[in-house]
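Chemist: Below: one structure in structure tokens.
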Amino acid sequence: MTTSDGRREAEAGASRLMRSANRRAGLVLGGVLAALGVAGLVASLGVPLTDPRGVPLVAALTVNPLQSILTVMIGVALVVPAVISLPFARRANGAIGTVLLIAGIAGLYVIDTAANVLAITSTNTVIQFGAAALLLAVALGADRPPAAATARDSQP
């Protein structure tokens, strides 16, 4: 295989990867979350793992080491399936979107309590709800086969 053939194959793979809303959402949101998690780890150096107050990262967004580790893990859990395949990305987006929705609801109840081991603030919950809405929207609505093809294929 020549260098130009390899380059063409790589460009075709990247084109396929970015054509899907599920894969694109997983890559972009996963990358942003992983970067925020790494920035949070750097910002929270020397802070106890489950400090309920956390440290400010950006504006009203607070982080502690445990929250930062979880954020990196969620980011990676979105990026890896997006790179592997569309069905895997779609399932991961749906599952992680559901988890973030539940975490956002739970976060509303633990703000300013002793149970707040992730330093959750209202800003954190808004981010969780936004990410959940995006992931669930693409997982449930994007990259679906056309309705006519589905109806035609289901008839005996």
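Chemist: Local charge sum around Thr121 (other residues, Cβ-Cβ under 12 Å, Lys/Arg +1, Asp/Glu -1)?
Modeler: So the environment of Thr121 carries a net charge of 0.
Chemist: Put a dot 7 Å past each Cα toward the Cβ at Ser122 and Ala35; how far apart are the dots in nm?
Modeler: Result for the modelled spin labels: 2.8 nm.
Each reported figure results from applying straightforward, stated rules to the coordinates on display, with no laboratory input. Please read all numbers here as calculations on a predicted model, not as lab measurements. Reconstructed Cβ throughout: ideal geometry from the backbone, glycine too, with neighbour counts over all protein chains shown.
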